[in-house]
1. May I have the convex hull volume per residue, in Å³, for the Cα set of the chain?
2. Taking just the alpha-carbon atoms of region 69-147, what radius of gyration and Dmax come out, in angstrom?
3. Mind pulling the angle between the C-alpha long axis of helix 297-311 and the longest principal axis of the chain? Nearest 10 degrees, somewhere in 0 to 90.
4. Rounded to a whole number, what is D in µm²/s for region 305-359 from Stokes-Einstein with the Kirkwood radius over alpha-carbon pairs (37 °C, 0.692 mPa s)?
5. Return, for the Cα atoms of region 245-317, the radius of gyration and Dmax in Å, separated by a comma.
6. As an exercise, take the mean of 1/r over every pair of distinct alpha carbons in region 133-226, invert it, and state the Kirkwood radius in angstroms.
7. How long are the semi-axes of the equivalent ellipsoid of region 166-271, taking √(5λ) for every eigenvalue λ of the Cα gyration tensor, in whole Å from largest down?
8. What is the ratio of the Cα radius of gyration of region 188-374 to 2.2 N^0.38 Å, with N the residue count, to two decimals?
């Protein structure tokens with residue numbers, strides 16, 4: 001499987017100018033290719049092949065005075081920008097035709113120099129390398145200092161240089177890694193994700209929700225007020241915008257670190273992990289939207305999934321319509337309506353349930369049932385022959 005390893009870059013002022021030039025050239029090629037395809041579609045012309053498009057917007061464009069500066073950056077950067085455009089179109093057509101599952105994908109849009117994220121990609125054809133001194137050597141940019149937090153397990157196949165809204169630079173390496181199974185354990189867990197507690201495990205453990213965005217909200221409001229008072233287009237407004245972006249970056253980094261720590265613990269301590277497939281997009285349109293985004297459930301579940309695959313653990317998702325909260329984990333009785341303010345309830349069998357712990361237990365049980373069904377094992381009790389003494393419909397009964 002392929003994994004990404006991201007490291008912080010510290011380019012010199014001259015290298016920052018060279019990277020800005022690369023960002024601009026890649027953005028121009030992408031926009032020129034998009035414009036060419038749109039014009040051909042409007043004119044009713046046949047589809048332009050990928051090779052012909054590359055010839056028009058890169059090879060021939062470099063010979064014109066308007067685009068001669070495209071030669072100042074690596075040709076691989078321009079080719080990869082055009083490859084991103086072609087991939088975006090293929091995904092769009094696959095989405096509208098039904099070949100691609102999930103939410104519908106919009107057609108590609110023009111890129112702007114004011115986008116929060118600027119990126120260029122270098123493949124092996126670009127001959128990027130890591131120097132003996134630990135710097136990242138990029139063509140026509142130079143040796144960029146890297147803050148290494150760990151060593152790469154294998155030779156990277158590509159590297160993407162990213163500049164975020166806070167003005168930070170990152171190198172994202174794509175590395176092909178092999179599975180590294182952990183020693184097997186006997187424990188299994190079901191996870192109920194929520195807002196009161198970030199996660200509740202089926203063994204009764206509750207992980208508190210850090211609420212990183214809520215804790216930073218006061219400072220963010222002050223920075224946003226300062227930004228709104230600056231004149232548009234001024235240098236002070238640009239400084240205030242970067243201050244807001246840096247604060248948001250701190251929140252995102254803290255949330256990501258929390259997700260990594262908790263997901264690693266869960267995968268390390270359990271052989272099987274079962275979670276509920278939550279409708280995050282739907283919940284994000286309710287009055288709980290800010291809290292839902294602050295929790296970051298989708299990113300956390302994604303980490304659980306790829307870490308389980310990497311470490312040889314089993315990972316399952318159950319249907320989002322499964323009534324995990326209303327189902328008694330002791331006797332299987334389904335309770336009636338249960339508002340969110342009901343945090344504990346008593347079943348007719350006499351068992352008193354904590355709402356979240358009971359949901360986690362039911363999620364684990366549903367995951368086990370799906371696993372047995374996939375393996376051909378019994379899920380429901382077998383049918384038995386009715387005995388004569390059992391009540392039934394008698395001949396002649398109306």
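Values quoted throughout were computed directly from the atomic coordinates according to the rules given, and no laboratory measurement underlies them. Here the structure is a predicted model, which is why all the values come from computation and not from measurement. Note that each Cβ is placed from the backbone with ideal geometry, even for glycine, and that neighbours are counted across all protein chains shown.
1. Value for the chain: 254 Å³ per residue.
2. Cα radius of gyration and Dmax of region 69-147 are 16.7, 50 Å respectively.
3. 90 degrees
4. After rounding, the answer is 253 µm²/s.
5. For region 245-317, the Cα radius of gyration and maximum Cα-Cα distance read 13.6, 39 Å.
6. Every distinct Cα pair counted, the radius reaches 18.6 Å.
7. Over the Cα atoms of region 166-271, the semi-axes work out to 39, 21, 7 Å.
8. Working: Rg = 20.0 Å, N = 187, 2.2 N^0.38 = 16.1 Å.
For region 188-374, the normalised Cα radius of gyration is 1.24.
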